[in-house]
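Beneath this line is the structure, given in structure tokens, with notes to follow.
Laboratory data are not the source of any read-out in this text; all were calculated from the coordinates shown. No experiment lies behind these values; they were computed from the predicted model shown. Cβ placement follows ideal geometry from the backbone for every residue including glycine, while neighbour counts extend to all protein chains displayed.
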Amino acid sequence: MAIPFRYIAKIGAYLVKQHLLGVRRYPLVLMMEPLFRCNLACSGCGKIDYPDHILNKRLSVEDALRSVDECGAPVVVIAGGEPLLHKDLPQIVEGVVARRKFAIVCTNALLLAKKIDLFKPSPYFTWSIHLDGDKEMHDRAVC
């Protein structure tokens with residue numbers, strides 16, 4: 001699939017601006033994990049070994065958007081754990097999009113049918129659904 005022109009233009013303009021300002025190092029992508037909790041128990045993932053008091057922590061909408069503002073990157077990838085377990089994820093995505101930053105939610109899609117209507121379509125919003133190979137390999141990887 002081709003990369004949308006809007007992505008190319010916006011990120012290209014950001015890169016040119018940083019270059020013209022003489023900035024040597026700058027953020028391009030903010031990788032945000034608003035929670036560790038997941039709805040899978042993948043054998044290769046160490047997150048399932050965290051104690052409940054860690055797994056039950058959630059980044060607030062305010063803290064998430066403050067991170068977006070502080071970082072300044074044009075792309076915000078929201079992963080986890082499973083981000084769709086975060087009850088405030090739609091508001092976080094809405095805030096990222098309102099800042100005209102690209103929000104990409106990485107999910108295993110188990111909750112997608114139940115939650116998709118909570119999200120507003122936008123040219124600044126993308127779903128990234130991860131699969132670990134064909135059905136047999138994927139099911140083995142995610143236990």
Relative contact order for segment 29-141 using alpha-carbon pairs under 8 Å, separation at least 6, rounded to a whole percent?
-> 27
Degrees between helix 5-20 axis and first principal axis of the chain (Cα, 0 to 90, nearest 10) = 60
Give the peptides 22-28, 55-61 in descending order of average Cβ contacts within 10 Å, highest first.
-> 55-61, 22-28
Sorted by average packing, counted as other Cβ atoms within 10 angstrom per residue and highest first, what order do 105-111, 78-84, 117-123 take?
-> 78-84, 105-111, 117-123
Arrange the peptides 7-16, 92-101 so that the one whose residues have, on average, the most other Cβ atoms within 10 Å appears first.
-> 92-101, 7-16
Normalising by the residue count of segment 79-138, find the relative contact order in percent from Cα pairs under 8 Å and 6+ residues apart.
-> 37
Note down, for the chain, the three equivalent ellipsoid semi-axes (square root of 5 times each alpha carbon gyration tensor eigenvalue), biggest first, whole angstrom.
-> 28, 18, 16
Could you give the angle, 0 to 90 degrees to the nearest 10, between helix 89-98's Cα long axis and the longest principal axis of the Cα atoms of the chain?
-> 10
Helix-only CD estimate at 222 nm, as mean residue ellipticity for the chain, using -39500 (n - 2.57) per DSSP H run (n ≥ 4) | -10000 deg cm²/dmol
To the nearest 10 degrees, how steeply does helix 61-71 sit against the main Cα axis of the chain, on a 0 to 90 scale?
-> 40
Fewest to most Cβ atoms within 10 Å: L40, L35 sort as L40, L35
Expected sort for F102, F36 with the fewest Cβ neighbours (10 Å cutoff) up front is F36, F102
